[in-house]
Amino acid sequence: MSAGAAGWEGLLADADIGWHIRTGEWILDHHAVPHHDLYSFSKPDAPWYAWEWGSDVIFGLLHRTAGLKGVVLLAGVLISLFAWTLLRRMVGAGVHLLWAMIVSLLGVGAASIHFLARPHLFTLLFLSIAVWMIHIDREESSARSARRLWLLVPLTIVWTNLHGGFLALIAVLGLTAVGIAIEAVIIGEPNGKPERANFRHAARYLALAAACSAASLINPYGYRLHTHVFEYLRSDWIRNTIQEFQSPVFRNENILQFEALMLIGLIAAGALFKRRCIAEGLWIVYFAHMSLASVRHVPIFVTVCAPAIAIEVSDWWRNWTAGAKKSSLLGIVNQMSGDLASSFQRISAWPFLLVGVLIAMGAPIKWPKDFPAVMFPTKIIHEHQAQILNARLLTTDQWGDYLIYLNPRQKVYIDGRSDFYGPEIGNQYLRMTGGQWDWEQIMQKNGFTSVLLPTEMPICQLLKRDPAWRVEEDSGKTILLIRR
């Protein structure tokens, strides 16, 4: 997305990064992690888990140093490194270069639905590295790879304090342990007894999952963080209300790329089960299910499963083209893949970092100085700061994020922290903006003095007819109303 039609501004399509930046700056100023709300008047000083505080500090530091340019530059580097690890994992596993590139493009295209300047980008990179290490251990089964795998424990400590996606690693480790145990039972030894070595491998992965789980307790909130995250993820209200927690809608290009990869993946899972590679088959089935339940898991599916899918597709291709003559088109493609594969295995991450440094030094690029005006009412807010900033304002959660970014002292009714507001405030917001039966009582209870909302919301038409309110500006898409 950072290189697409939307440019770098596309990484700012979600304004959650606004309160992440300001929270990071608050932590830098106070040398402490917040335990109570900083931004709302609907739940003032209520308990709050800033569970991505490490990312917040990084974003806050970058913003103080380089503004939004620094924030989107880090996001771009993280996305580039994620894409590099994806391709490098496939090439390193011996995948036919043609199919490594095709599956990588499909995977990155599908994952791009969540290419936003937000803490989850750390999860995409860390998870890709972690699964890469697991794959190497599965292939080598050496003492060296086994020792190296325990580096996932300190990685989990860092990861937990950057983003809640560390749970995906624990899920992969658990699935791997179960898969190896099933493989041991199915394969067996010549005398009919299961392979004890495989059971030991399963126990090792189970112990590693337990160690990573224990390591995740090293955070400012302890076990309470896990309780909060689990309640958040299993909330029916969150799944029914928040778009990124809902099932994917197979209409746009990104989701169609995911659909193609998932269908191929499910076929590959069947082949993996047939070959008794149970662990990798379980990865594909489990994360495909999770992605169909919630679109936010699509990038996780890509990160974990795309290389395993590419390995199977590559094997199918090689079997199909085994008899092709070297002078034929298929033979030439295979020859080119073999010739180039060794050079691709030496692909380094340093070029990405070098490009990032050159850009940071002032390369002629149009960097964002504000959030994209096509998604946020930047013009109205800047022109009517006196009526908006520090007002008792009703606005959307995303626009609330933007206001927090503009003025950290701005108290909002609601913002993008859906885990904090929950169904009580969330349902009141939906009923009020939808003009339902108790909208007036909720308005009076909260004492709103200004309203900044998309014009099509039912409450806007109700307030336009209310003599107690006047229209300050109506752009046709956004309306600002002020209480008389």
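Where a number appears in this text, it was derived from the coordinates with a stated rule and is not lab data. Because the structure is a prediction, the values reported are computed rather than measured. All Cβ positions, even for glycine, are placed from backbone atoms using ideal geometry, and neighbour counts span all protein chains on display.
Shape call for the stretch 378-483 from the C-alpha gyration tensor, a ≥ b ≥ c root eigenvalues: rounded (a/c under 1.5), prolate (a/b greater than b/c) or oblate? It comes out oblate by the Cα gyration axes. Within the shell defined by Cβ-Cβ distances under 12 Å, the residues around Lys379 carry a net charge of -2, with Lys and Arg each +1 and Asp and Glu each -1. Using only the alpha-carbon atoms, how far is helix 68-92 inclined from the longest principal axis of the chain? Give it as 0 to 90 degrees, nearest 10. That helix lies at roughly 20 degrees to the long axis.
In a shell of Cβ-Cβ distance under 11 Å around Glu25, excluding Glu25 itself, what net charge do Lys and Arg (+1) and Asp and Glu (-1) give? After counting each charged neighbour, the total is 0. When peptides 306-319, 385-398 are sorted by average Cβ neighbour count within 10 Å, with the highest value leading, the order is 306-319, 385-398. For the stretch 1-133, what class follows from the C-alpha gyration tensor (a ≥ b ≥ c being the square roots of its eigenvalues): rounded when a/c is under 1.5, otherwise prolate if a/b is larger than b/c, else oblate? Prolate, because a/c is 1.5 or more and a/b exceeds b/c.
With everything on Cα atoms, drop me the angle between helix 298-320 and the longest principal axis of the chain, reported from 0 to 90° to the nearest 10. Taking the Cα atoms of the chain, the angle to 298-320 is about 30 degrees.
The mean sequence distance of close C-alpha pairs (under 8 Å, at least 6 residues apart), as a share of the length of the stretch 378-483, puts its relative contact order at 24 percent.
For the chain, the Cα-based Rg and Dmax, in that order, read 25.2, 88 Å. Report the net charge of residues surrounding Leu481, where surrounding means a beta-carbon distance below 12 angstrom and charges are Lys +1, Arg +1, Asp -1, Glu -1. The answer is +1.
Distance between the C-alpha centres of the stretch 118-176 and the stretch 399-476: 42 Å, rounded to the whole angstrom. Pairs of lysines in the chain whose Cα atoms sit within less than 14 Å of one another amount to 6, provided the residues are eight or more positions apart or on different chains. Scoring 23-29, 159-165 by mean Cβ neighbours within 10 Å over their residues and listing the highest first yields 159-165, 23-29. Compared with the dominant principal axis of the Cα atoms in the chain, helix 223-233 is inclined by about 80°.
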